[in-house]
Structure formats: C-alpha cells, structure tokens
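The values are calculated or read from the model by the stated rules, or taken from the named source; none is laboratory data. Given the structure is predicted, the values throughout are model-derived calculations rather than measurements. A quick note on method: Cβ atoms are made from the backbone with ideal geometry, for glycine too, and the neighbour counts reach across all protein chains shown. Remember, those area values only see protein heavy atoms, side chains included, never the ligands or the DNA or RNA. Shrake-Rupley method; radii C 1.70, N 1.55, O 1.52, S 1.80 Å.
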Amino acid sequence: MQTAHAPRRSVGALLHSPRLYDLTVWLALFGRERRCRERMLDLARLQPGECVLDVGCGTGTLAIGAKARVGACGTVYGIDASAPMIARARSKAGRAALEVQFETAAAQALPLADASIDVALASLMLHHLGRAARGDMARELQRVVARGGRVLVIDFVHSTRRHRGPFAHFSHGHGHVEQGEVGALLTEAGFRVSEQGAVGFQDMHFTLAVRMDRGSIRAAPSASATHC
Ligand SMILES: C[S@@+](CC[C@H](N)C(=O)[O-])C[C@H]1O[C@@H](n2cnc3c(N)ncnc32)[C@H](O)[C@@H]1O
C-alpha cells in the first residue's frame, strides 16, 4: 500500500470497541450475519482473481469473506480509520488463515494507487461520514477504482417509519443516508449506477455502480487468474 495524504476534513465517527461491534451485529441480525454477508458479496459479483477494497471495513468480516471468494489470485485490502477495529480484523483473518491487507487509514485519503482496484465495497459506513467527507470518499473511490470496475455501497436508508430495525437503534446515532443520495454521490464522482435495491436485512439498501469514464483499465482478473 502507498502512504496516504492527510485527510483534509474530520475523519468521521470512528468505532473503538471491536468486540462490542461484532456482538452488536450478531444480535441485531439475530445470528444471521453470515447470510447477510454472503448476500452482500453476491451483490458485488466478486470473481476469482479480482482486487477488492473494503473501505470502512470495521472488524473485517466482509473483507475476509471477499478474500474467500476472490481466492489465492485475488487481493483484498481492508481500510478503517480506527486502529482497534483494524487490529481485530487482522486477528480474525489470521484465525481464518486468509490473507487480507488491513490498514488503518481514512476513506477520504486511501493509501492505494490510481486505478488499482476492481471492486470497492463500503458497507454500513457512509452514515459515519459528514456530507463533505462523503464527497471526498466518492472522489477517492473514483481515483482508485479502474475503468470498468465496480463500487458497492450498502447502508441504512433513512426511514420515516416510527419503528426502525434494531441495528438502527444499536449503532446509528451518527447520521443517516437518504434514499437516492448514494446514487447521486457516485454519479457526481464519475460512476454509472447499474443497480439499486433492498439488501433484505434490516433497512439496508444497496447501490452498485460502474466506473465508465476516463482512467486506466486494469488487466482482466481472469487473465491473471490463469497463472495461479
Ligand atoms: C458501522 S461500521 C461498519 C463496518 C463494516 N463495514 C461492516 O460492514 O461491518 C463503520 C466503520 O467505519 C469506520 N469509519 C468511520 N469513518 C471512517 C473514515 N473516514 N474512514 C475509514 N473508516 C471510517 C468506523 O471506524 C467503523 O469501523
């Protein structure tokens, strides 16, 4: 990984209790976290050999699952601005015997080269950022994702319903994401939204977008996969 430039604005609402976070997720999803993560990875359509970034990766559960999908020829980076979350992510990857490159860094200043990523994931983290920081992150994703690459953003959509899911009660004093906001953010940054919809867990909503504009094209993952 490269050295990142210092973020220009406040980093975001960081989490510092990794064990509590994992317990919270498990409880909030009624023990169905594995199914939820598999659904997220299905939405990203990961292929063997792809290079994946999980931004705001928390304790690394999704990034570790991504590594299992892209295989030995694929590479997965997990970035979180909270050092304790990254420490737990590293130990979970070690226990799973899967190599994921976890790094403490801000989403607004990714320590990665231009056009080096096939697929960027941002699950349940956008609501931790203020408005300006969301724009900074989207521009960073546009920089690091190669032309033709994909971005999958999953977050809780703002609900006007009086009763919201338990996840929202546990962890969402930070901010919220309005329906339609993610698509606008990614479009403005240079992506084309290809699919949006409900994840099927809590109030989670996904947006899948493709980078269509200027920039280098990474070698097709299948080409490198054949050498594994
Ligand atoms: C609710 S957790 C989601 C973690 C993980 N993506 C998941 O699906 O479980 C949000 C994470 O975003 C991280 N975070 C907040 N602001 C950030 C930023 N500016 N850059 C990187 N990570 C950030 C927090 O430390 C926290 O680990």
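For the stretch 21-80, the per residue solvent-accessible surface stands at 37 Å², with DNA, RNA and ligands left out and a 1.4 Å probe.
Taking the mean number of other Cβ atoms within 10 Å as a proxy for protection, how do you rank 139-151, 46-58 from highest to lowest? Show your work: numbers first, answer last.
On the way: 139-151: 21.5, 46-58: 24.9.
My ranking of the peptides, most packed first, is 46-58, 139-151.
Gain in length, Arg192 to Arg39, computed as 0.36 nm per residue apart minus the alpha-carbon separation, to one decimal in nm? Can you show the working numbers first?
Numbers: separation 153, 0.36 × 153 = 55.08 nm, distance 2.18 nm.
Between Arg192 and Arg39, full extension yields an extra 52.9 nm.
Ligands, DNA and RNA left out, the accessible area of the stretch 1-159 computed with a 1.4 Å probe is 52% carbon and sulfur.
What does the C-alpha gyration tensor say about the overall shape of the stretch 48-152? Classify as rounded when a/c is under 1.5, otherwise prolate if a/b is larger than b/c, or oblate. Oblate, because a/c is 1.5 or more while a/b does not exceed b/c. For the stretch 1-97, chymotrypsin sites (Phe, Trp or Tyr not before Pro) meeting the loop criterion (DSSP other than H, G, I, E, B) and having at most 11 other Cβ atoms within 10 Å: Phe30.
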